[in-house]
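The values are calculated or read from the model by the stated rules, or taken from the named source; none is laboratory data. This one's a predicted model, so the numbers in the text were calculated from it and none came from an experiment. Every residue, glycine among them, receives a Cβ derived from its backbone with ideal geometry; neighbour counts consider all protein chains shown.
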Amino acid sequence: MPKNRDAARANLENLYRIFTVPEAPDSTLGAIDQAIAADVTGFLQTHIVAIERDLEAIEADFASAVIPEEPTYVSEYTEFVKENLVAHSVHTAAPGFVGHMTSAIPYFMLPLARLMTALNQNLVKVETSKAFTPMERQVLAMLHHLVYRRDPDFYPPWIHNSQHALGAFCSGGTIANVTALWVARNRLFAPSVDFDGIAQEGLFRALQHRGVDGIAVLVSERGHYSFGKAADLLGLGRDNLIKVQTDAHNRIDLRLLREEVRRLQDRNILPLALVGIAGTTETGNVDPLEALADFAAELGCHFHVDAAWGGPTLFSDRFRSLLSGIERADSVTIDAHKQLYVPMGAGMVVFKDPTALSAIEHHANYILRHGSKDLGSHTLEGSRPGMAMLVHAGLSIIGRKGYELLIDMGIERAKTFAAMIRQHPDFELTSEPELNILTYRYCPLKVQQALAAAPAERCAAINVLLDQVCMLLQKHQREAGKTFVSRTRLRIRHDEELTVLRVVLANPLTTNEILASILAEQCEIVQEPEIQALLQQIEEICTGITEK
Ligand SMILES: *Cc1c(COP(=O)(O)O)cnc(C)c1O
């Protein structure tokens, strides 16, 4: 019976049905829908199978490039999705999945996301979004206020201003960072008496007009790869994205930064922007934002803060001061799909100067008319979904104090986990958590002691082997599917680049017991013969050192 409701034959009657008749509750899709509504955690737990299936084997299910000629039953398709897609997706909401920036999301996001999809608003213009436009403008103002703490009286002339927008809502931190540097670039080469501006005349003419040989963006080596894309896209060239080395705390080295700027000036290259990171993706550290703000002011260049990860720390009375100086930034990126606990696809950039976004303003005749309140006149993206509604929901339901609790808990948990690692004889903490991210590696105490005493080339030989241990350890743990940490390579001390395990503690359901079990599992994994062989080699090198 339910199959009658499916569009299994390409005729108009069936097509009308798929646009109008809902799935029967006893159909495959109906059942999934109900299961998710009733208990999403339980659904994910039972439907995502933990056993690793080779990506190659999965690829075989998605091998055809031909669009199916004949329609199929919705239920048949849903069966396929259940078995071949859902079952082999990643349980990012699991409390033991602490390797990446994706976490569990509050239950109310699901039905609201469904509502958002049903409404299918397009935020590019008021004509397709009506109340969604003022709502998104309010979200941008709230984030602006979170960052810049302007007096509430500051906002009324700006929130719903038909000429301006306080920021841009976008699909994520990447587009937010690109937008920030786009604005910076267009403001640096603004129209003047004999120049129509870079947006009109292009970078080559802009450089000629200004008499410079290039423009550059400076960020620490921990900067997110989105800045590389931005440098490429905005015409600077990736060579003009200057990656400044960090100090022992993964923060930009200010002395080296000054040297880099001097080097650029010697080559007649203009610094377009300094970027400070508030919560680096790999280690969660915060650059010295006050000092960067001072230096940007001295240079007269744009100061951008990438707070895609760490921005919500501003909710916390206890930890807000870690980001002090952020309020002096010309632009700030915050991702909502990270620590605002909104589903994937939501980021924002806000600008201190409420008129800054005019630098990228664009119009079209059929929409985005001059004087309309359309947000699309100030965004890189065109059509956009009503994701701001989910941010609005989080801010309203969880509130400042709710987010504060989540932030405080994550930072506390990272400190606890760091203490557990420090106390454990077989692990070495490779970056101290400042926010809620830390890195560590498997390195037995004896090896740690040998490393402290060994000459450089012996250290290097040991570290190469430890890197392999780390890589295998992470791979085995991921394949076992019980818990998950990620791995990265970081230049840790001097010029040593090490492979390390990375943990992000944002899921409120992650407990200290789970963290202890992650270490316990890792101690078991290193018993694998493949890893034992490496540890044996390391031991041999170490014995040589202690005997000397
Ligand atoms: C995640 C992240 C980004 C990129 O954001 P996307 O949402 O993945 O595009 C940029 N910067 C930092 C610091 C990040 O953590």
I want to confirm something. Restricting to region 55-77 and keeping residues that are loosely packed, with under 10 Cβ neighbours inside 10 Å and of a type in the set (D, E, K, R), which single residue is modelled with the highest pLDDT? 59
Any residue at all in region 401-413 that's loosely packed, with under 15 Cβ neighbours inside 10 Å and either modelled with pLDDT under 95 or over 25 Å from the mean Cα position of the chain (by Cα) (or both)? no
Show the residue pairs that are 6+ apart or on different chains and have beta-carbon atoms under 8 Å apart, the first residue being within region 351-376 and closer than 13 Å to residue 137 by Cα, the second being at pLDDT below 75. 374/367; 374/368; 376/367; 376/368
Number of the exception - residue 344 against (1) within 16 Å of the ligand (Cβ to nearest atom); (2) touching a helix residue (DSSP H, G or I) at 6+ places or on another chain (Cβ under 9 Å); (3) farther than 17 Å from residue 98 by Cβ; (4) touching a residue at least 60 places away in the same chain (Cβ under 8 Å): (2)
Do we find a residue being part of a loop (DSSP other than H, G, I, E, B), more than 30 Å from residue 200 (Cβ to Cβ), small (Gly, Ala, Ser) and more than 11 Å from the ligand (Cβ to nearest atom) anywhere in region 352-372? no
Residues to consider are 212, 147; find the one that is surrounded by fewer than 19 Cβ atoms within 10 Å (Cβ to Cβ), in contact with a Leu (Cβ under 9 Å, 6 or more places away or on another chain) and not charged (D, E, K, R). 212
Taking the conditions exactly as written (among the aliphatic types (A, V, I, L, M), in a loop (DSSP other than H, G, I, E, B), farther than 26 Å from residue 245 by Cα and modelled with pLDDT of 95 or more), does residue 520 satisfy them or not? no
Top-ranked residue in region 176-209 [being exposed (fewer than 15 other Cβ atoms within 10 Å of the Cβ) and closer than 17 Å to residue 267 by Cα; ranked as farthest from the chain's Cα centre (by Cα)]: 208
Could you go through region 493-506 and let me know if any residue there is surrounded by fewer than 17 Cβ atoms within 10 Å (Cβ to Cβ), under 25 Å from the mean Cα position of the chain (by Cα) and within 24 Å of residue 54 (Cα to Cα). no
Consider region 295-330. How many of its residues are within 14 Å of the ligand (Cβ to nearest atom), part of a strand (DSSP E or B) and not hydrophobic (A, V, I, L, M, F, W, C)? 2
Hey, among 292, 272, 256, which residue is more than 14 Å from the ligand (Cβ to nearest atom), crowded, with 23+ Cβ neighbours inside 10 Å and assigned to a helix (DSSP H, G or I)? 292
Which condition breaks for residue 318 when tested against (1) charged (D, E, K, R); (2) surrounded by 24 or more Cβ atoms within 10 Å (Cβ to Cβ); (3) in contact with a helix residue (DSSP H, G or I) (Cβ under 7 Å, 6 or more places away or on another chain)? (2)
Free of Cβ contacts under 8 Å to residues at least 60 places away in the same chain and within 15 Å of residue 184 (Cβ to Cβ) - does that describe any residue in region 282-292? yes
Hey, which of the helices (runs of 4 or more DSSP H) in region 11-64, taking only ones fully inside, have at least 2 residues that are closer than 20 Å to residue 91 by Cα and touching a residue at least 40 places away in the same chain (Cβ under 8 Å)? 28-38, 40-47
For region 147-175, name all the residues that are more than 16 Å from the ligand (Cβ to nearest atom) and touching a Gly at 6+ places or on another chain (Cβ under 7 Å). 162
Output the residues belonging to region 210-239 that are closer than 13 Å to residue 270 by Cα, assigned to a strand (DSSP E or B) and either within 16 Å of the ligand (Cβ to nearest atom) or of a type in the set (Val, Ile, Thr) (or both). 215, 217, 218
Sole miss for residue 338 among (1) free of Cβ contacts under 8 Å to residues at least 24 places away in the same chain; (2) buried (at least 24 other Cβ atoms within 10 Å of the Cβ); (3) of a type in the set (D, E, K, R) is condition (1)
Restricting attention to region 432-450, which residues are surrounded by 18 or more Cβ atoms within 10 Å (Cβ to Cβ), farther than 13 Å from residue 503 by Cα and touching a helix residue (DSSP H, G or I) at 6+ places or on another chain (Cβ under 7 Å)? 442, 443, 447, 450
Collect the residues in region 410-437 that are closer than 23 Å to residue 278 by Cα, in contact (Cβ under 8 Å) with a residue 12 or more places away in the chain and out of contact with any Ser or Thr (no Cβ under 7 Å at 6 or more places or on another chain), keeping them in residue-number order. 410, 411, 414, 415, 416, 417, 418, 432, 433, 434, 436
